[in-house]
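Novice: Right, I'll just put the structure down here and ask away after.
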Amino acid sequence: MRTSTQDDSTRSAVAKALAGGDPVVLAGAVSPMALLSGIEGHAASGRAAGGMCQVDVGIAGGRFRRAADLPGTRRILVSGWSLLPGLTDAHVHLDKTYTVAETGLADGTLMGAIRLHAEASVRWTADDHAARMRRAVAEAAAAGTRTLRTHIDCPSLPEEMPGWQAAGAVAAEGTVTLQRSALGALSRAQGADFADRCRQVARAGGVLGAFVAPGLADRALFEAFLTGAEAHGLDVDFHIDEGLHPGPASLPVLAEAVLKTGFSGRVLAGHGCALSLQTEAERDRALDLIATAGIAVAALPRTNLYLQDRAPGTTPLRRGITLVHEMRARGIPVLFGADNVADAYYPFGNYDPLHLFAEATTAAHLDQDLGVWIDAIAGVPARAMGLDGGRIAPGAPADGVLVPASDWPGLLTAPVDGRLVLRDGVPLGRGLDPVAVTQGDMA
């Protein structure tokens, strides 16, 4: 049995070798095959490691390399460790995070959380937001996250919002790649300042976001929103079908609008819970439209399980999660997001994608195909954001995380403190600065 002392020794050896800047081959690592491209390995042993393979991965010049292309390079044995690429979460709310101590617990409903948050948020300055955001991105980075998309509530123009300002400042610090989505009601597409809104989002390199209230799926509003986004070269991101409400779902209306307008940008739709209440015929029609329109879907199991099907003194019978298996079967990109962390919407949680993936596995019964679903926190969300990443491939930036585990149970329960995060092939310390190694340390 491997001991913590052995793990510490391996971690130290890898950190020192990489901090020295010389090429290194990490030998015997275990990686999900779905996250490898151009790097071959052989199947990992054990039934609990399905979809994983054992690989030798080189790192040189800040890039991943095939070990065969680095003959004579120093090899460090990392058997018993998993190597993952940098992870991505495309749906978080950094302007709300870590505020539950100030807002207090809501009543467990979406509207109750909205009311509590609205009452408290008027007091928050850009500095307040920035301090909480820095804490969040540091936690995410330490867990192995490379990229985040954060929604920012923008009831006014984005540049007037302290949360938008703070996220811009934190993004510039580079702890993670941070993309902003300006979130407002869908009805703003008919406002006099909609073009200004689009211009401000475009200036920030951001994404145009919209909240679609249950029962308010107005096709004309969708078309106006998409037309405005198209005119400014913006991708779009929707909060849609968030509740378990009866009646027609909104996602197929969005898909129809995408097809009618010929919208050419990327479309990400978060939540989609109401699809689970539709008839089989309605579900099939909705899924066909979503697939044809090229919409990616963010499933958000933590917050949705917390908020949905809630009534005092009763046990919830319905799961607040969208049709992830059916979507994947139709080729619809599905990703998982942390959504809310420690706020009125969800008072718990963290920014560890592996912890989130374990919870998604429980919520949606992913355990029979973990080797494929793992991409829902890696390459799928990266592509939905229009970015590269989520792959260990020759020539790709050596952004990744080494985890002291060699199968799925170990990987999805490993504590953050034992991991080693790599950025461009350089190990990061606990303070998220590159590890400094003296010549004496390297001896």
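Novice: Filter the range 366-413 for residues that are among the hydrophobic types (A, V, I, L, M, F, W, C), under 15 Å from Leu148 (Cβ atoms) and touching a helix residue (DSSP H, G or I) at 6+ places or on another chain (Cβ under 7 Å) and give the result.
Specialist: Across the range 366-413, the qualifying residues are Ile377, Ala378.
Novice: For the range 191-200, which positions are small (Gly, Ala, Ser) and in a loop (DSSP other than H, G, I, E, B)?
Specialist: Within the range 191-200, Gly191, Ala192 qualify.
Novice: Now for a separate question. Scan the range 365-386 and tell me whether some residue there is farther than 29 Å from Gly62 by Cβ, under 14 Å from the mean Cα position of the chain (by Cα) and either at pLDDT 95 or above or surrounded by fewer than 23 Cβ atoms within 10 Å (Cβ to Cβ) (or both).
Specialist: So far as the range 365-386 goes, yes, one or more of its residues are farther than 29 Å from Gly62 by Cβ, under 14 Å from the mean Cα position of the chain (by Cα) and either at pLDDT 95 or above or surrounded by fewer than 23 Cβ atoms within 10 Å (Cβ to Cβ) (or both).
Novice: Tell me whether the range 64-73 contains one or more residues that are modelled with pLDDT under 95, not hydrophobic (A, V, I, L, M, F, W, C) and not assigned by TED's automatic domain parsing to the domain that holds Gly400.
Specialist: no
Novice: Can you pull out the residues in the range 39-56 that are closer than 16 Å to Leu412 by Cα, part of a strand (DSSP E or B) and either of a type outside the set (A, V, I, L, M, F, W, C) or touching a Cys at 6+ places or on another chain (Cβ under 7 Å) (or both)?
Specialist: None; the set is empty.
Novice: Let me ask you something else. Might you check whether a residue that is modelled with pLDDT of 95 or more, touching a Cys at 6+ places or on another chain (Cβ under 8 Å) and buried (at least 20 other Cβ atoms within 10 Å of the Cβ) occurs anywhere in the range 317-329?
Specialist: Yes, there is a match, as at least one residue in the range 317-329 is modelled with pLDDT of 95 or more, touching a Cys at 6+ places or on another chain (Cβ under 8 Å) and buried (at least 20 other Cβ atoms within 10 Å of the Cβ).
Novice: Among the residues of the range 176-219, which ones are in contact (Cβ under 8 Å) with a residue 60 or more places away in the chain and within 20 Å of Ala274 (Cα to Cα)?
Specialist: Answer for the range 176-219, where residues must be in contact (Cβ under 8 Å) with a residue 60 or more places away in the chain and within 20 Å of Ala274 (Cα to Cα): just Pro214.
Novice: Identify the residue in the range 363-375 that is free of Cβ contacts under 8 Å to residues at least 60 places away in the same chain and part of a helix (DSSP H, G or I) and, among all such residues, is nearest to Gly410 (Cα to Cα).
Specialist: Asp367
Novice: When the residues of the range 76-100 are filtered to those that are in a loop (DSSP other than H, G, I, E, B) and of a type in the set (Gly, Ala, Ser), which remaining residue is nearest to Asp56 (Cα to Cα)?
Specialist: Ser79
The values are calculated or read from the model by the stated rules, or taken from the named source; none is laboratory data. Not measured: the values here are computed from a predicted model. All Cβ positions, glycine included, derive from the backbone under ideal geometry; neighbour counts span all protein chains shown.
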